[in-house]
1. Report the label-to-label distance for A:Lys228 and B:Lys9 in nanometres (one decimal), using points 7 Å from each Cα along the Cα→Cβ vector.
2. Using every pair of alpha-carbon atoms in the stretch B:22-122, split the distances into 10 Å bins beginning at 0 and state the percent of pairs per bin, rounded to integers.
3. Where only protein heavy atoms count, and the probe is 1.4 Å, what is the accessible area per residue for the protein assembly as shown in Å²?
4. Helix B:101-111 versus the longest principal axis of chain B: what angle, 0 to 90°, nearest 10, using Cα atoms?
5. Per DSSP H run of n ≥ 4, the term is -39500 (n - 2.57); total these for chain A, divide by its residue number, and report the mean residue ellipticity at 222 nm rounded to 500 deg cm²/dmol.
6. Within 10 Å of each Cβ of A:326-334, how many other protein chain Cβ atoms are there on average?
7. State which helices in chain A qualify, where a helix is a whole DSSP H run, it must extend 27 Å or more along its own axis by its Cα atoms, and its mean Kyte-Doolittle hydropathy must be at least 0.5.
8. State the answer as a single residue: which of A:Ile34, A:Asn368, A:Leu349 lies farthest towards the positive end of the charge dipole of chain A, with beta carbon charges of +1 for Lys and Arg and -1 for Asp and Glu, about the Cα centre.
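The values are calculated or read from the model by the stated rules, or taken from the named source; none is laboratory data. The structure displayed is predicted, hence computed values, not measured ones. Using ideal geometry, Cβ is built from the backbone for each residue, glycine included, and neighbour counts are taken over all protein chains shown. Side chains included, ligands, DNA and RNA excluded: accessible areas come from the protein's heavy atoms. Shrake-Rupley method; radii C 1.70, N 1.55, O 1.52, S 1.80 Å.
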Amino acid sequence: MINFLTYKSISNRKFTSFLCVLSIALSVTLFLGIERIRNGARDGFTNTISKTDLIVGAKGGPLNLLLYTVFHIGGAVNNIKMKTYEEIKKNHQVEWTIPISLGDAYRGFRVVATDENFYEHYRFRGDRSVEMSEGRIPNDTFDVVIGSVVAKKFNHKVGDPIIISHGISAQAILSHDNTPFKIIGIMKPTSTPLDTGVYITLQGMEAIHFGWETGVPNGEKINPERFKKENIQISQLTSFMVKLKSRIAVLRMRRDIDNYMDEPIMAIIPALSLQEMWETIGYVEQILFLVSLCVLLVGVLSILISLYTSINERRREMAILRSLGASSRHIFFLLIYESSFLVLAGCILGVVSMYGLLFFVRPWLESNFSVYLPIEALSSTEWIYLGLIFVVGTLAGLIPAIKAYMNSLQDGLTIKI
Amino acid sequence: MTKAISLKKCLFSYDKNTKLVINIDQLDIETGEKVFLYGPSGHGKSTLLNLTAGVLKANSGSVEVLGQELTKISQSKRDHLRGEKIGYIFQIFNLIPYLTVKENIVLPCMINKKRSDDDFHKQAEELIDSLGLREYIDKKVTDLSIGQQQRVAAARALIGNPQMIIADEPTSALDEKNTREFMELLMNVWEKKKFTLIFVSHDERLKSYFSRSISLPEINHHD
Ligand SMILES: Nc1ncnc2c1ncn2[C@@H]1O[C@H](COP(=O)(O)OP(=O)(O)OP(=O)(O)O)[C@@H](O)[C@H]1O
Ligand SMILES: [Mg+2]
């Protein structure tokens with residue numbers, strides 16, 4: 001009986017019911033969508049680098065170490081000795097290391113000197129690794145790989161020669177004119193700081209500073225034999241990344257590095273530091289959360305309003321059913337049944353359109369805002385949200401239902417047709 | 001014979017402070033009686049019917065209907081009693097606009113188990129045929145004329161063998177021929193089922209169909 005009447009009644013008011021479902025769907029879409037963007041922004045940020053357990057550099061500010069190693073922002077005060085790196089690398093706890101040497105730039109973009117470990121082990125956004133869209137990884141002294149943003153900005157192709165300037169400012173006065181590099185690879189876009197890097201080998205970094213020992217070029221001609229990769233000795237690094245065989249060892253390893261005797265160095269746990277950093281700039285996240293709460297509130301109100309008006313339209317109908325013997329309980333269930341049906345339909349439509357929207361805005365958000373939005377199944381939190389929306393929406397339908405329950409029978413029956 | 005309806009010292013007003021609409025000392029209607037109730041417009045006929053059907057509740061006095069004292073039971077119990085045992089043809093027909101003729105007619109059987117004993121679909125079809133509504137059976141009631149709607153309301157009251165039929169001017173919108181046919185059908189059904197019938201009309205010519213007629217102004221002293 002209830003099924004039949006609900007079905008008939010809703011199909012009689014197709015348009016208003018549809019509007020009601022639409023408004024619920026809209027709030028569900030917005031709420032879940034904003035929540036996803038909020039989480040995506042955080043995940044995008046805190047997963048700028050993943051898998052790396054420790055970042056090691058000269059003693060100084062931990063935030064600074066994170067910024068120059070991962071985000072290519074600022075610079076190190078001191079370098080660390082190659083000997084130190086070799087020693088830690090040999091530690092039996094260590095699975096792999098990625099050495100980093102910084103200091104120069106190419107037209108405003110940071111030059112990062114590293115070795116093949118970087119291409120093999122560096123991970124971000126969970127398990128994504130560095131991939132080439134063109135060419136291969138650098139091998140020779142003057143090989144260079146550029147990030148996608150750099151390539152796009154200067155319209156570089158594989159094979160183009162580039163000149164690296166000394167120091168990190170964009171308006172460099174001194175440049176390494178006599179040691180031109182050749183682009184041998186371009187990275188795929190990642191929407192992380194990787195895109196704005198210019199990657200050379202550690203040997204390349206040493207080589208361009210031959211004859212620069214005083215800080216300026218001394219003008220001497222350098223024997224080409226010295227540029228051969230196998231003839232170059234690496235003397236120092238800026239920082240390096242460490243992955244341990246077991247996570248349990250991380251804290252201990254960090255303490256050992258902080259207390260390292262031969263040189264003042266320190267280690268940070270990137271995941272933790274990123275999290276801390278996000279929290280300091282996290283007011284954005286809180287604002288987003290507030291916005292989504294407002295959206296939800298408006299959504300619930302709109303459920304209430306549309307159910308309330310529909311009940312008002314139906315006072316007479318309810319009275320007729322009661323005049324035929326339907327109990328107040330019947331009427332009550334009829335209304336609750338209808339409101340929960342509408343809310344359920346709204347939730348389903350909302351989730352579907354959320355995925356639809358996600359599908360379209362995803363690439364744009366990722367490339368413009370580094371917001372990382374994988375298309376995943378509903379998380380348990382989202383299920384809880386949906387459950388709450390359903391309950392709250394149904395409860396909102398309760399208010400008009402209670403009102404209908406209280407309306408006297410005569411009230412409905414005397415409304416003139 | 002037992003009493004189907006028994007009113008004693010019954011007072012009713014729509015608002016506590018306004019004048020009484022109903023003030024009846026004593027009114028008894030036997031089970032199976034056919035009663036014709038008449039009186040001038042605005043005198044309280046519909047109000048009296050609503051009191052006996054449990055739509056309204058008397059301010060004081062006693063209203064006993066089909067063995068239940070209506071002033072002492074809850075609204076939902078009164079709704080239940082009406083749903084199960086009383087077929088009510090309202091003066092304004094109170095059909096559900098988005099349902100078809102057939103769906104409106106079987107509604108009491110869907111709501112009340114007691115009224116769906118027999119094959120009520122078959123019963124509905126019979127009523128539809130005898131009321132000349134066959135060609136409108138699957139039409140929405142809003143697409144029907146007022147007279148046709150009145151017949152649908154009558155069929156809805158008659159379905160499921162109620163013990164009492166309360167009819168509030170069911171023929172007001174029917175022409176002479178249809179009125180006669182309607183009255184004959186009603187009497188035919190009554191012959192078979194012998195339910196208690198209370199029938200309100202302005203049209204005193206219909207008196208002859210009934211076993212008793214009551215002039216409301218004679219028993220209702222509300223002034
Ligand atoms: N819902 C209501 N609220 C207040 N007063 C009402 C209400 N319904 C009816 N009345 C008043 O009660 C009195 C009796 O009304 P009722 O409808 O019972 O008359 P009636 O005899 O059925 O008239 P008619 O023959 O025109 O249908 C009238 O004076 C009317 O104004
Ligand atoms: Mg009346």
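1. 12.9 nm
2. Reading the bins upward from 0: 12, 39, 35, 13, 1.
3. Each residue of the protein assembly as shown exposes 47 Å² on average to a 1.4 Å probe.
4. Its long axis makes an angle of about 50 degrees.
5. Result for chain A, helices only: -16500 deg cm²/dmol.
6. Partner Cβ neighbours, averaged per residue: 3.
7. Counting only whole DSSP H runs, the qualifying helices are A:14-46, A:283-313, A:328-369, A:380-406.
8. A:Leu349
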